1. Against the condition open to solvent by less than 10 Å² (accessible area, probe 1.4 Å) and in contact with a helix residue (DSSP H, G or I) (Cβ under 6 Å, 6 or more places away or on another chain), how does residue 57 come out, does it pass?
2. Go through 67, 76 for me and flag whichever is in contact (Cβ under 8 Å) with a residue 60 or more places away in the chain, open to solvent by less than 10 Å² (accessible area, probe 1.4 Å) and either hydroxyl-bearing (Ser, Thr, Tyr) or under 30 Å from residue 338 (Cα atoms) (or both).
3. Under 18 Å from residue 54 (Cα atoms) and free of Cβ contacts under 8 Å to residues at least 24 places away in the same chain - does that describe any residue in the range 115-128?
4. Residue 16 is checked against (1) open to solvent by less than 10 Å² (accessible area, probe 1.4 Å); (2) farther than 30 Å from residue 273 by Cβ; (3) modelled with pLDDT of 55 or more; (4) of a type in the set (A, V, I, L, M, F, W, C) and fails just one. What number does that condition carry?
5. Can you name the number of the only condition in (1) assigned to a helix (DSSP H, G or I); (2) closer than 24 Å to residue 369 by Cβ; (3) modelled with pLDDT of 90 or more that residue 60 fails?
6. Check 97, 101 and return the single one that is at pLDDT 90 or above, in contact with a helix residue (DSSP H, G or I) (Cβ under 8 Å, 6 or more places away or on another chain) and more than 30 Å from residue 81 (Cα to Cα).
7. Does the range 240-249 hold any residues that are at negative phi and in contact (Cβ under 8 Å) with a residue 60 or more places away in the chain, and which are they?
Amino acid sequence: MAELADRPDVGPREWAERVPGLRLARSYEPSWLPKDIVAGLVLSALLVPQGMAYAQLAGLPPVTGLYTSILCLIGYAVFGPSRVLVLGPDSSLGPMIAATIAPLLLSGGDPTRAVALASMLAVIVGVVMVVAGLSGFGFVADLLSKPTQIGYMNGLALTIIIGQLPKLFGFSTDANGLVAETSAFLSGLFAGEANRTAALIGLTALAGILLLNRFIPKVPSVLVVVALTAVAVNLFDLEAHGVDTIGVLPQGLPAFTVPHVTWGDLPPLVLGALAIAVVALADTMSTASSFAARKGVRVEGNQEMIGIGAANIAAGAFQGFPVSTSGSRTAVADQAGSRTQVTGIVGAVVIAVVLLFANSLMRYVPQPTLGAVVIAAAVSLTDVAGVRRLWLQRRTEFLLSLIALLGVALLGVLPGILVAVGLSILNVFRRTWWPHQAELGRVEGIAGMHDTESYPDAARLPGLVVYRFDAPLIFANARSFGETVREMAERDPTLRWIVVAAEPITDVDTTAADMLEELDTWLNARDVSLVFAEMKDPVRAKIERYGLTRTIAPEHFLPTVDEAVAEYKRRTGVSWGDPKEPT
């Protein structure tokens with residue numbers, strides 16, 4: 001969209017094609033409206049209780065969850081490319097928001113300042129997303145690999161569940177961190193601080209949500225449980241028995257507000273925003289990809305970033321907090337027949353109506369029920385099957401997943417996401433640092449050359465080694481490559497050619513080039529030739545630019561491994577299975 005702003009001749013039609021919401025308005029079919037309205041009404045039944053619960057998870061007043069839901073739905077409807085995704089307060093972001101703003105609050109935690117900090121955090125997340133989307137940085141979602149994402153989410157779920165247990169049992173603690181919170185909860189429980197009535201409400205609500213989700217998934221479990229427990233509180237006057245409730249919400253819609261923070265608040269807010277942006281984008285892209293695959297449409301990664309950014313900016317400007325895509329709410333809207341983002345608009349209108357005319361509707365909703373809603377959402381974040389699959393298929397990635405889990409659980413949410421991202425990057429680097437290497441031979445009945453570890457009986461030509469290095473040749477692995485080749489030459493005094501099957505080598509940097517020059521000189525002194533086969537043209541061009549052909553003869557670059565082997569046979573006169581030394 002940036003290039004459109006610089007063109008004075010761009011008219012409404014061009015803008016309509018570039019802004020998804022305007023494009024939808026031009027192509028919207030009247031037959032979709034009934035389905036979108038029904039889906040919006042069903043969705044709103046989930047948005048209201050979840051929005052309030054996740055606001056409290058973030059350490060904010062419950063009503064801010066409703067403010068956030070209204071504005072983010074509208075923002076994404078205008079700028080988001082997906083027709084099915086539903087954005088809103090999210091259980092995975094709640095602890096990250098709390099971890100970012102809690103250190104900036106004074107003792108006692110002023111709710112007004114907490115809202116201002118969270119709103120500025122949302123604005124910063126939005127700006128980061130929009131700038132990144134306009135700059136084409138949609139690929140950053142790949143910074144969280146699947147194993148580390150599984151570990152991060154499992155650790156996050158564990159942290160959320162432990163943090164919500166006191167609320168579920170009707171008391172509170174001041175502890176921070178998984179170990180301290182676990183200890184504080186158990187101490188409070190054994191000291192008799194739990195309220196039996198509140199615990200009964202909370203545990204019943206949790207069991208109800210989990211059982212309904214398991215056996216009757218089409219029933220809006222959260223709405224049913226919230227409504228029934230609210231009726232129970234009112235009917236049996238459970239407030240008199242110590243059950244805390246939400247109470248009457250502030251009436252009216254949120255006003256446009258510029259979040260007031262100090263300059264000193266900005267550095268920690270920016271760091272928190274970057275972490276939240278990575279998690280929100282990874283979550284959105286995975287959800288968008290799964291739903292797009294079902295419907296046979298393409299995911300627009302950069303436009304998704306702009307849509308998420310717009311949703312966050314809109315929420316932050318109206319006393320909201322950072323948002324992300326919700327897989328559960330998206331699934332609810334999809335199952336209810338949603339066709340477009342009009343579903344989200346309907347949901348926003350319903351929430352606005354609640355705030356304007358039915359603000360006392362949530363008066364009797366018990367706090368333990370909100371705790372149960374959050375815990376149920378946390379349970380849905382876990383992926384036990386994914387962990388088991390990693391254990392069975394690849395122990396290294398299982399270990400990465402476990403470290404990511406421990407990073408979140410023991411270090412905290414924000415350090416945990418840094419650990420997860422760092423592990424993903426290190427895992428990529430590890431594969432380049434220690435790549436698979438193989439000597440190749442001919443296997444009877446199978447075309448081509450194959451790994452001699454997989455085929456120990458593979459035939460080899462006397463005096464020839466065909467060597468494959470499965471990675472770019474760069475500073476991190478240049479020494480390993482050189483040492484391996486030297487060991488081959490020292491191990492076999494009859495060796496005359498080392499053919500490098502270079503098709504997997506997608507790059508050669510200057511460090512590796514210096515190593516190759518020294519290696520070739522060393523081999524030439526021992527009457528051994530270093531030969532490259534199947535080297536890609538861009539890599540060969542770099543070899544030429546580095547001047548390596550001063551030592552590596554140009555005729556030692558051959559188009560295929562088969563041609564390199566044939567050339568060696570022509571020069572030496574040996575054949576497969578020939579025991580004589582090459583001449």
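1. No: the conditions fail for residue 57.
2. From the options 67, 76, the qualifying one is 76.
3. Looking for residues that are under 18 Å from residue 54 (Cα atoms) and free of Cβ contacts under 8 Å to residues at least 24 places away in the same chain, one finds none in the range 115-128, hence no.
4. (3)
5. Of everything listed in (1) assigned to a helix (DSSP H, G or I); (2) closer than 24 Å to residue 369 by Cβ; (3) modelled with pLDDT of 90 or more, residue 60 misses just condition (1).
6. Answer to the check: 101.
7. Within the range 240-249, 243, 244, 245, 246, 248, 249 meet the criteria.
Residue-wise test of (1) over 32 Å from the mean Cα position of the chain (by Cα); (2) more than 22 Å from residue 240 (Cα to Cα); (3) free of Cβ contacts under 8 Å to residues at least 60 places away in the same chain.
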{"residue": "169", "(1), (2), (3)": "yes, no, no"}
{"residue": "184", "(1), (2), (3)": "no, yes, yes"}
{"residue": "187", "(1), (2), (3)": "yes, yes, yes"}
{"residue": "190", "(1), (2), (3)": "yes, yes, yes"}
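The values are calculated or read from the model by the stated rules, or taken from the named source; none is laboratory data. This one's a predicted model, so the numbers in the text were calculated from it and none came from an experiment. Cβ coordinates were reconstructed from backbone atoms using ideal geometry, including for glycine residues, and neighbour counts include every protein chain displayed. Accessible surface is based on the protein model in full, side chains and every heavy atom, while ligands, DNA and RNA are left aside. Shrake-Rupley method; radii C 1.70, N 1.55, O 1.52, S 1.80 Å.
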